[in-house]
Structure formats: structure tokens, C-alpha cells
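Inspection log for the structure reproduced underneath, given as C-alpha cells.
The values are calculated or read from the model by the stated rules, or taken from the named source; none is laboratory data. All figures in this text were calculated on a predicted structure; none of them were measured in a lab. Positions of Cβ are generated from backbone atoms using ideal geometry, with glycine treated the same way; all protein chains shown enter the neighbour counts.
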């Protein structure tokens, strides 16, 4: 490239300005190549130390004593019941937040109303507060000093240090995850297509299914994946509400904590490895969804 | 008049479901915090939050979150730059990896970083040889917070950098500015709102972070005890008033950060949309 350019300049010696410009750019590319190598090296090293090494550590520690102890550790009854509870809480979070996310995104993007900004802010609130505070507000709502407590006691429905509390905390911390993914897509799409369909007499659900859903399906899928990931991994808020009753109110991340606290390092990492695999699956799904989204955007 | 403009059906039902779920899941629990706070005495709140141990935890949380977010601000710009401006093998993997701290459960990150940076760990061992302890010190807390905060600045700076018109850089280059000068005077000012937004989001997240920090922190009162951990221990002792009082300080800090970020974000969105 630069060779050709030089030749071109030599053939036209009258263009002195452009020649100067060329050497200038040439010197820059040599300098910026060094910068490029340095910056890429820094980035790769940083991410390797901060992100890849922790992952390698989990897998290494999990299989440190071999494959059989590993499978013994993850088939421990407490671990299995923790897995079940985690899946239960995750299912609740995904279903409730999908319903909420779709309706909220529809309401916010397709209609004009007062207080829209406030509504959006309130929806985002759960991810801006510390997970410990998320746990605290449910303790204050349903705990012993709450006005609701006598009623709950009569119904024999315990929330704090029980499964409902864990589910509530999980739904809370993932509350905006799905609406947040759909909303920008719907807002970018505008309301013209839905308006046209409505004017032609289509019913609400038909409009949603045939017009809106095809636009948002990838965003919705990605939102569900994110929501599930965070729900499975939630630690702080669930920790506050759990009470750590083994086999009863312990989720997978809490099981990791308990095992680690008991100095059972290998089993703790074995249980963690399940969550690491899930995390990697999520990242791959994210990349695929983003790739498809970009390709469709280019068309 | 406005009502007539709503051609698309479903406003009532979607708004109803939205508000009902928002009310049950978010507003009622938050209201109970307000109700509980209203019953407390201001003097008691002040007494709780000025306890030396609580003040020390504010200091630990603030300093470690600040250092971690500053490091992430710098590294975030470097990473975003590398991902937007350069092509190299493995770039897609690097890009996909950035989100790992969001996908990996914090407790897993916590125990993994702890064993990595403990004196017997792969990285901790190297530093222990030089006489530097990382796990169970404030350095360890900072490392866990760097891990948690990596995606924020990268993901706010990346889109701005992608949309930045290379015309201005070229102009600066042709006018004789060095690469460094072009970066500092042409590119950096455009990125500043995005960097600040990412920094603010990371800082807010770091202040409230619990899972990844508790394992590596060592949790020594006055030394390595973070504020969320104090709230946690007050709750375990059923001291709801103290827990709430400390939580209020954290909430105030979180909202202040959010407010500042929103102010700056308005500017950032303008750049994204191509206007000034």
C-alpha cells in the first residue's frame, strides 16, 4: 500500500504537499503499530489475570482430587436440593419478569402518558440498590416486627428464612432485566406498524403476536437468559432471607458459601463449576444473539 | 382528547399489570423501609451511623470502591479502544468475555479470587514472596471490586467510540497533531461523559457489592469490614433498626451517584445520536 503510494508520489513530483502528508501518515502508522501491540497485550493480560484465571482456578480446584470425588461432591443430597431450589427460584423469576417485562415495555413504548420517566426509574430501582438492602426491605416487610407478621403467622406462611423469601428476593433483583432488553427495541421500532394494524381492525393480542413479537424475540430471549443467569447466581439478597437451613433454604451459591466456610474447598469448587458452565453458556448465547441482531441490522 | 389518540389497544391491561407487579415487588417492600425509618428517632440513626466501627466500614467501602472504579475507568477505555479500533485474532472472544462478571455468580467469583490471591494461590504466592499480602487485606477487596466493575466502562465507552466520526481525528492528524495529542484533545473530550457514566455505575455497584468481597476481605473490624457486611451482621442479630440506619446511608450514596450519572448521561445520549 505505502509502496504504491510512494511510487505514485514519485511520478508526480509537483504534488509536494501530498508527499509530505504521506510521510507523515507513514510515520504515524509505524508508531501506532507499536501502540496497537502494546494496548492489545495490556488488554489480553488484564482480562487473562482478572477473568480467565479465576475460571481456571474453579475448574482446577474442582477436579483436583479426580473425577470420582468431583461427581461425589456434586451428587451430595444437600447440593442436589440446593440445585432444585435454585431452579425453582429461577423459574419464578423468569416467568414473573417475562410477563412484567413484556407488558411494561409495551405500555411504555406504545403509549404516551404522564410519569413515564418516573415509571422507568422505579422499574430500574431494584438493580441500583445493594443486594443486601434488597434483602433488608423484604425482612422489614415480612419479618417479626412487620405489621403483616401476625397475619402471616396465622396463615402459617413464612417468608423470612423460608422458600418464599428466597423467591421474592430472586424476582426482585432480576426485576428489570427483561423489560430493559425489550424496551429499546420497541422504542426504536416506533408505533406505526401497530397503529396500522389496529386501524385495520386487528385485536391487541394478534397485533402483539404477529407484529411486535417478531421484532423483540431476540431481545426477549437475551433478557430471559440474563434474568435466569442472575437469578441462579444471586447471593447477597438471598443470603439475607435464607437463614441457611441446609437442605431447605439453601440455593447453589449459598451451598458454595457453606462448603467454603466449612473448609470443604474441593466440594465448594465442584458446586461452583456447575455455575461456571452456566455462565459460559450464557456468554455464548449472548454473543450469538448479538451477532444475529447485528446481521439483521445490516440487512 | 389524549385518549382518542390511543389507537393501539391494550393500554389498560398492560399498564394495570405493570403497576400491579411493580407495586407488589418493588413499591410495597420499599414503602416498608420508609415506614420503618419513620418510626425511628433521628438521634438514634445518627448514633448508629457514627459508631467508629460503622464509620471505618464507610471508609473501607469508599476507598476500595473508588480505587477499583478508577482502575476500571482507565482499563475500560483501553479495552474499548482495542475492541473498536483494532482487528486481531480472538477479538470476538475477548469481547464476549467482558460480560463474564455479570454472568458469573458473585459467590463463585469470591471463592475463586480468594484462592487465587491467597498466600498459597497462583498469584497470591508470587506477591507473598515479595512480602505483599493480597487476600484478607484492602488490596484483596479492591481486586474483587475490579473484577465486578470491568464491564461497566467498556460497555459505555464502546458505543460512543464506534459512532465517533474519524473525520475529526484525521483533521487533527493532517493539521500536525501527534497521536497522543489527538487522543487527549479530540477523542477524550468526546468520551468523557461515557467514561464518567461507566465509572459512576461501577462505583455504585462496588459500594453495594457483597458476594464477591466477603470471601476475600477477611472481614476484620476497622480494617477490612465493608458496609454491606455490617448490615448483614446487624440483621443476623435481629437489630433491624441499626441495619436500616446504615442502609439509609448506603441508599443515599447510591441515589446521589445515580443522579450524577443521569445528568451526564443526557449529554452522552446526545453524542450517541449525533447531535451536540
Could you please give the count of residues in region A:180-197 that are in contact with a helix residue (DSSP H, G or I) (Cβ under 8 Å, 6 or more places away or on another chain) and not in a helix (DSSP H, G or I)?
1
Complete set of residues in region B:227-260 that are buried (at least 21 other Cβ atoms within 10 Å of the Cβ) and more than 10 Å from chain A (Cβ to nearest Cβ)
B:242, B:245
Does region B:115-134 include one or more residues that are within 12 Å of chain A (Cβ to nearest Cβ), in contact (Cβ under 8 Å) with a residue 24 or more places away in the chain, in a helix (DSSP H, G or I) and surrounded by 16 or more Cβ atoms within 10 Å (Cβ to Cβ)?
yes
Hits in region A:97-115 (condition: more than 16 Å from the chain's Cα centre (by Cα) and closer than 17 Å to residue A:169 by Cα)
A:100
Given the conditions (1) under 23 Å from residue A:292 (Cα atoms); (2) free of Cβ contacts under 8 Å to residues at least 60 places away in the same chain, every one holds for residue B:55 apart from (1)
Where the second residue is assigned to a helix (DSSP H, G or I) and the first is at positive phi and lies in region B:8-36, which pairs have Cβ atoms under 7 Å and are six or more apart or on separate chains?
B:10/A:106; B:10/A:204
Residue by residue through region A:165-196, note down the ones that are crowded, with 21+ Cβ neighbours inside 10 Å, under 19 Å from residue B:10 (Cα atoms) and at the interface with another protein chain (Cβ under 10 Å from one of its Cβ atoms).
A:179, A:194
Here is a list: A:127, A:120, A:139. Which entry is closer than 28 Å to residue B:35 by Cα and either facing chain B (nearest Cβ under 7 Å) or not in a helix (DSSP H, G or I) (or both)?
A:139
Quick check: anything in region B:122-135 within 22 Å of the chain's Cα centre (by Cα), at pLDDT 95 or above and under 30 Å from residue A:237 (Cβ atoms)?
no
Tell me yes or no: at least one residue of region B:267-276 is in contact (Cβ under 8 Å) with a residue 60 or more places away in the chain, within 13 Å of chain A (Cβ to nearest Cβ) and closer than 18 Å to residue B:54 by Cβ.
no
From the option list A:258, A:292, single residue qualifying as more than 9 Å from chain B (Cβ to nearest Cβ), in a helix (DSSP H, G or I), modelled with pLDDT of 90 or more and over 23 Å from residue A:52 (Cβ atoms) is A:258
